[in-house]
């Protein structure tokens, strides 16, 4: 019986070459997107699978609620929380504490100096996580202060082929001893590092210089993971965390911190939290990709259904004869399902070749994406691909097989193409409307998304970024580089800053307005700058002046604020000038407001303008030099700057990027989204157009006699084209009336509401999609209807 199915399917494919081509190519193109999404999801779901205790390992999350009711959800927490959990909460098997932020130069010899990024970890690290040590004792490798565990790759960078165990590595003025060599970390791990340093090292160093390292509200740099026994009572552990939070919060001033558990397998594909330590993909992104792939695949399935039912007159005779000679309904059902699965498997071959091409392009959309997933083939992935082909084949063939299996033998000579979805809606017309509705939605969404992306890049930030080169100091003194840059003619202004605003990085602190009492405090964003920063970026003063004196961090007395600070703390009654001379408290330092700036964007465009302060700091080894460039030969200017850099730093390469390029990179995710949706749109239109082309070809072929009779009776070519086309154009009009309002409402009520400053949706984006689809439809419909209208009636009707 299966052999009969295969033989019948092969004959049907050969006999209907055009429709077979449309179905195979349509399914191949759509499934290539499905293969891409499957490979992407397979990598994401494979994260941390090598961890032996992953099913009972949890991360501690922090919810920080400030006095002004603003809430921050953090993946990080305090070291104190980790120690308290270990000491006070029963039912916990192991707890490990890690701390990030170690960036320094590893010095092995005078010739070998390598920048290194490490993570502090306590001795329990190897009890909670499965990172195998090739050399060293996991129980003691991180026990003693100044112990260093490095990966195989780091060992080769530092020591080459020399045995690293017991060797000394110098960071600044301190020596660290190599106590372990780690097997190279798996790529699909949400925790990544080049080296581990014993947590006791930083606790010892910070005891005097940073007494707050063990504070309950020191929550931005530390991470706590714990393992629990099998079948542990998680409710009891959470109750313990709630009790601990309540007890510690009594010591805080108008701040509330609460802790919660997050399973390890929910970290990569979980909620969005600030201060993520590694990879995190929002569920919305995953569901969007799945949804887009599903829509494209369904569109190809609709083509199959449409063309299969359209050929009902020819196939119904075949079905009727089969039933006359004894075939049951199940046999007919199986035959058409087998035929669709065979076509789908044939399409899989072409889709796999497309997948190999698209994989490279997909990873090239955003370079960081290649660090997150690899999309490498594996036996399990191949099995998923085959399963997709079978599922798509069954989905595509379900309605046609159900349709034909219900045909009675007496209907052999009848047209069986009048199957209805609803009372007055033909199935084929409904599927065409659905296909083009999605196509219009995709085109409109792409145009709206592109307009928003360009709007983000051209939006008035409240300051200038033009021709400003931001140089990362990488631990060097900015005063040394300033002196060298001052000799370059192309450099006309130089300023310093602790961070680059409007790129998404946020650095906040608590501020109090003294006139309102010590209890009135709120979070403000801050940036440490020198006296040249504000003029270089052309910030506009609405009152007061720039920094005039040059204080050190110890005697800092002046601060420049934006207008939002005045509103948040109710400092003025009417005019910004009233704020000049007012005193505020920041980090327990009393400062005087000397200037008020017009509001500007400290964060990205999806964040509203918040209270922001500029504090004075002239020399920042960990910050940036902001260099104004005025030159007609930028390559030569950059070459001169690189020479100046090499004079002060022969170890680190120059890291300098123009501000405008950094802004483009900050919104790269939106560009990627627009490209992905645009690509899906292109595929959806191609598939829908192939289906429409097939339907037009079939319709004109079956109506040739009608066309010939109309021509004999005097109908013109223009009239015939309109007569044959109007049915399809009405369907496209219905799709337009559905797609445009749905897309507009979706973006206006859901998507764009998440962006405080967005571009309005204009008629151009809505109408452009209609013009594109209509032009393409006219081309497809017109070419075939014109061919039919110009046919010779004598040749068509000679047998009548």
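Worth a mention:
- Taken over segment 449-474, the criterion of being in a helix (DSSP H, G or I) and either touching a helix residue (DSSP H, G or I) at 6+ places or on another chain (Cβ under 9 Å) or more than 25 Å from residue 762 (Cα to Cα) (or both) is satisfied by 449, 450, 451, 452, 453, 456, 457.
- Scanning segment 651-666 turns up no residue that is farther than 17 Å from residue 504 by Cβ, more than 33 Å from the chain's Cα centre (by Cα) and modelled with pLDDT of 85 or more.
- Per the conditions (1) surrounded by 15 or more Cβ atoms within 10 Å (Cβ to Cβ); (2) touching a residue at least 40 places away in the same chain (Cβ under 8 Å), the sole criterion not satisfied by residue 717 is (1).
- Flag: residue 185 matches the condition of being in contact (Cβ under 8 Å) with a residue 24 or more places away in the chain and within 37 Å of the chain's Cα centre (by Cα).
- Spans of helices (runs of 4 or more DSSP H) in segment 701-800 with at least 1 residues under 30 Å from residue 453 (Cα atoms): 717-746, 763-789
This table checks each residue for (1) within 41 Å of the chain's Cα centre (by Cα); (2) in a strand (DSSP E or B); (3) surrounded by 21 or more Cβ atoms within 10 Å (Cβ to Cβ).
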site	(1), (2), (3)
534	yes, no, yes
548	no, no, no
556	yes, no, no
564	yes, no, no
567	yes, no, no
574	no, no, no
578	no, no, no
581	no, no, no
585	yes, yes, no
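- Every listed requirement among (1) surrounded by fewer than 20 Cβ atoms within 10 Å (Cβ to Cβ); (2) in contact with a helix residue (DSSP H, G or I) (Cβ under 9 Å, 6 or more places away or on another chain); (3) in the same structural domain as residue 530 (by TED's automatic domain parsing) is met by residue 486 save one, (2).
- Residue within segment 262-272 that is part of a strand (DSSP E or B) and farther than 30 Å from residue 587 by Cβ present: yes
- Scanning segment 84-95 for residues that are farther than 27 Å from residue 132 by Cβ, in a helix (DSSP H, G or I) and in contact (Cβ under 8 Å) with a residue 40 or more places away in the chain gives 84, 88.
Listed here are the residues, each with its yes/no results for (1) touching a strand residue (DSSP E or B) at 6+ places or on another chain (Cβ under 9 Å); (2) not in a loop (DSSP other than H, G, I, E, B).
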| position | (1), (2) |
| --- | --- |
| 609 | yes, no |
| 620 | yes, no |
| 626 | yes, yes |
| 663 | no, yes |
| 673 | no, yes |
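- Residue in segment 692-701 that is exposed (fewer than 15 other Cβ atoms within 10 Å of the Cβ), more than 43 Å from the chain's Cα centre (by Cα) and closer than 17 Å to residue 19 by Cβ present: yes
- Residue 139 vs. criteria assigned by TED's automatic domain parsing to the domain that holds residue 198 and either buried (at least 23 other Cβ atoms within 10 Å of the Cβ) or touching a residue at least 60 places away in the same chain (Cβ under 8 Å) (or both): no
- Qualifying residues in segment 758-777 (those that are buried (at least 16 other Cβ atoms within 10 Å of the Cβ) and farther than 17 Å from residue 681 by Cα) - the one modelled with the highest pLDDT: 761
- Qualifying residue in segment 392-410 (condition: part of a helix (DSSP H, G or I), at pLDDT 85 or above, under 27 Å from residue 31 (Cβ atoms) and under 28 Å from the mean Cα position of the chain (by Cα)): yes
- Residues that are in contact with a helix residue (DSSP H, G or I) (Cβ under 9 Å, 6 or more places away or on another chain) and modelled with pLDDT of 90 or more do not occur anywhere in segment 66-76.
- Filtered residues of segment 587-598 (kept if in a strand (DSSP E or B) and surrounded by fewer than 18 Cβ atoms within 10 Å (Cβ to Cβ)): 589, 590, 592
- Only residues that are more than 20 Å from residue 532 (Cα to Cα) and touching a strand residue (DSSP E or B) at 6+ places or on another chain (Cβ under 9 Å) were counted in segment 542-571, giving 8.
- Per-region count, segment 48-71, residues free of Cβ contacts under 8 Å to residues at least 24 places away in the same chain and either buried (at least 21 other Cβ atoms within 10 Å of the Cβ) or over 26 Å from the mean Cα position of the chain (by Cα) (or both): 1
- Boolean, residue 632 is part of a loop (DSSP other than H, G, I, E, B), in the same structural domain as residue 493 (by TED's automatic domain parsing) and without any contact (Cβ under 8 Å) to a residue 12 or more places away in the chain: yes
- Verdict on residue 671 being within 30 Å of residue 358 (Cα to Cα) and crowded, with 20+ Cβ neighbours inside 10 Å: no
- Options 117, 163; residue that is surrounded by fewer than 18 Cβ atoms within 10 Å (Cβ to Cβ) and within 19 Å of residue 277 (Cα to Cα): 117
- Residue in segment 5-25 that is under 30 Å from the mean Cα position of the chain (by Cα) and modelled with pLDDT under 90 present: yes
- Residue that is modelled with the lowest pLDDT, among those in segment 449-475 that are buried (at least 20 other Cβ atoms within 10 Å of the Cβ) and more than 30 Å from residue 743 (Cβ to Cβ): 473
- Failed item in (1) in contact with a helix residue (DSSP H, G or I) (Cβ under 7 Å, 6 or more places away or on another chain); (2) at pLDDT 95 or above, with residue 129 passing the rest: (1)
- Any hit, segment 735-743, residues being out of contact with any helix residue (DSSP H, G or I) (no Cβ under 7 Å at 6 or more places or on another chain) and modelled with pLDDT of 80 or more: yes
- Residue within segment 514-522 that is in a loop (DSSP other than H, G, I, E, B) and either modelled with pLDDT of 90 or more or surrounded by 17 or more Cβ atoms within 10 Å (Cβ to Cβ) (or both) present: yes
The values are calculated or read from the model by the stated rules, or taken from the named source; none is laboratory data. Keep in mind it's a predicted model, so treat the numbers as computed, not measured. A quick note on method: Cβ atoms are made from the backbone with ideal geometry, for glycine too, and the neighbour counts reach across all protein chains shown.
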